[in-house]
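The values are calculated or read from the model by the stated rules, or taken from the named source; none is laboratory data. This one's a predicted model, so the numbers in the text were calculated from it and none came from an experiment. As a convention, Cβ positions derive from the backbone with ideal geometry for all residues, glycine included, and neighbour counts pool all protein chains shown.
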DNA sequence: TACCGTTAGTTGGATTTCCAAACCAACCTC
DNA sequence: GAGGTTGGTTTGGAAATCCAACTAACGGTA
């Protein structure tokens with residue numbers, strides 16, 4: 001078995017796992033949509049940013065639409081698939097807040113009045129997802145594993 | 001303003017954003033804890049895996065404990081902080097399943113009986129987190145932005 | 001028309017990272 | 001004691017990244 005494990009996490013990371021990709025998405029969520037602004041806020045070299053934007057557009061995470069012709073200039077917006085990555089960013093941000101920062105650089109207040117603390121739950125029953133509450137079903141031969149803990 | 005945006009997502013990615021880091025964590029969650037096994041399942045070069053494991057241990061995401069002395073051999077397990085990244089992986093996996101794969105390589109069955117579809121909700125009220133339901137509060141000067149969409 | 005500034009890249013060259021294969025020490029099995 | 005296993009480290013070359021400077025296409029102004 002020399003091939004790596006078939007896995008949607010790996011597939012997802014092939015799309016948004018390169019350096020700066022998620023930070024680009026973060027900026028786009030913040031409403032920052034132009035090349036120079038994204039470059040500055042993300043801190044990415046311009047050539048790398050060009051590559052990332054193209055990759056994300058090709059993967060259907062962002063779409064570029066002209067905001068000016070003459071000169072032709074594009075802005076970048078999230079697609080529906082891109083918008084669905086918001087949960088990943090929120091979860092990641094919460095983890096960073098919790099484990100890596102003295103006090104969070106940004107706090108979101110939810111409409112319910114509380115400072116947002118995101119939780120990942122089962123959409124069906126709304127319950128938290130404990131490791132023991134999951135049973136894995138493998139759709140590919142030979143990749144069962146010890147636990148899911 | 002030449003500095004990039006202060007942000008917990010960026011901080012988090014500095015810890016788990018390098019190539020293979022999240023896949024290593026995935027393996028560890030699957031119960032795969034030894035160097036050779038992780039290397040094979042992740043598909044990472046051995047020297048890179050060495051670097052990643054050391055980094056993750058130094059960051060407090062993994063801990064290495066000896067499973068044999070003579071010869072001294074370590075295995076890698078998630079710390080509490082590491083375990084709290086499960087939500088990130090589940091959310092990422094769901095996104096990959098949804099947008100990148102014909103049929104998911106792995107399906108989790110939740111204890112409620114349904115095939116797991118993770119949702120990111122507000123821990124306080126349990127409600128879904130629509131973009132409009134959030135108000136950003138900036139704890140750092142000069143980093144307000146257009147929207148949170 | 002000449003000159004300046006803005007925007008969105010592109011280019012060239014140094015640096016860093018990545019990778020595959022080989023190597024190694026310390027065991028264990030036969 | 002020959003061969004295999006485990007958990008790495010070393011090596012040399014390929015690829016990606018970084019950074020500064022450059023370009024192209026405009027728009028403003030004077």
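Pull up segment B:51-73, narrow it to residues that are near DNA strand D (Cβ under 10 Å from one of its atoms) and in contact with a helix residue (DSSP H, G or I) (Cβ under 8 Å, 6 or more places away or on another chain), then point me to the one that is modelled with the highest pLDDT.
B:53
Residues that are closer than 23 Å to residue A:104 by Cβ, more than 10 Å from DNA strand C (Cβ to nearest atom) and in a helix (DSSP H, G or I): does segment B:36-49 have at least one? Quick ask: steps written out before the conclusion?
In the first step, residues of segment B:36-49 are kept if they are closer than 23 Å to residue A:104 by Cβ; the result is none.
Among the residues of segment B:36-49, not one is closer than 23 Å to residue A:104 by Cβ, more than 10 Å from DNA strand C (Cβ to nearest atom) and in a helix (DSSP H, G or I), which makes the answer no.
With a cut-off of at least 3 residues that are facing another protein chain (nearest Cβ under 7 Å), name the strands (runs of 3 or more DSSP E) lying wholly within segment A:53-149.
Numbers: elements: A:62-68, A:73-78, A:106-110, A:118-122, A:134-138.
Per the criteria, A:106-110, A:118-122, A:134-138.
Which ones in segment A:1-12 are part of a helix (DSSP H, G or I) and either touching a strand residue (DSSP E or B) at 6+ places or on another chain (Cβ under 7 Å) or crowded, with 22+ Cβ neighbours inside 10 Å (or both)? I'd like the intermediate steps shown before the answer.
Of all residues in segment A:1-12, those part of a helix (DSSP H, G or I) come to A:8-12.
Correct list: A:9, A:10, A:12.
Could you tell me which numbered condition residue B:91 fails, if it satisfies all but one of (1) in contact with a helix residue (DSSP H, G or I) (Cβ under 8 Å, 6 or more places away or on another chain); (2) surrounded by 18 or more Cβ atoms within 10 Å (Cβ to Cβ); (3) more than 22 Å from residue A:104 (Cβ to Cβ); (4) not assigned by TED's automatic domain parsing to the domain that holds residue B:26?
Looking at each condition in turn, residue B:91 falls short on (3).
Quick test of your reading of the structure: residue A:44 fulfils all but one of (1) within 13 Å of DNA strand D (Cβ to nearest atom); (2) farther than 26 Å from residue B:61 by Cβ; (3) within 10 Å of another protein chain (Cβ to nearest Cβ). Name the failing condition by number.
(2)
For segment B:18-31, what are the residues that are in contact with a helix residue (DSSP H, G or I) (Cβ under 6 Å, 6 or more places away or on another chain) and more than 14 Å from DNA strand C (Cβ to nearest atom)?
Answer for segment B:18-31, where residues must be in contact with a helix residue (DSSP H, G or I) (Cβ under 6 Å, 6 or more places away or on another chain) and more than 14 Å from DNA strand C (Cβ to nearest atom): B:26, B:27.
May I ask you to list the residues in segment A:24-35 that are assigned to a loop (DSSP other than H, G, I, E, B) and either away from DNA strand D (no atom under 16 Å from the Cβ) or not assigned by TED's automatic domain parsing to the domain that holds residue A:76 (or both)?
Of all residues in segment A:24-35, those assigned to a loop (DSSP other than H, G, I, E, B) come to A:30-34.
Correct list: A:30, A:31, A:32, A:33.
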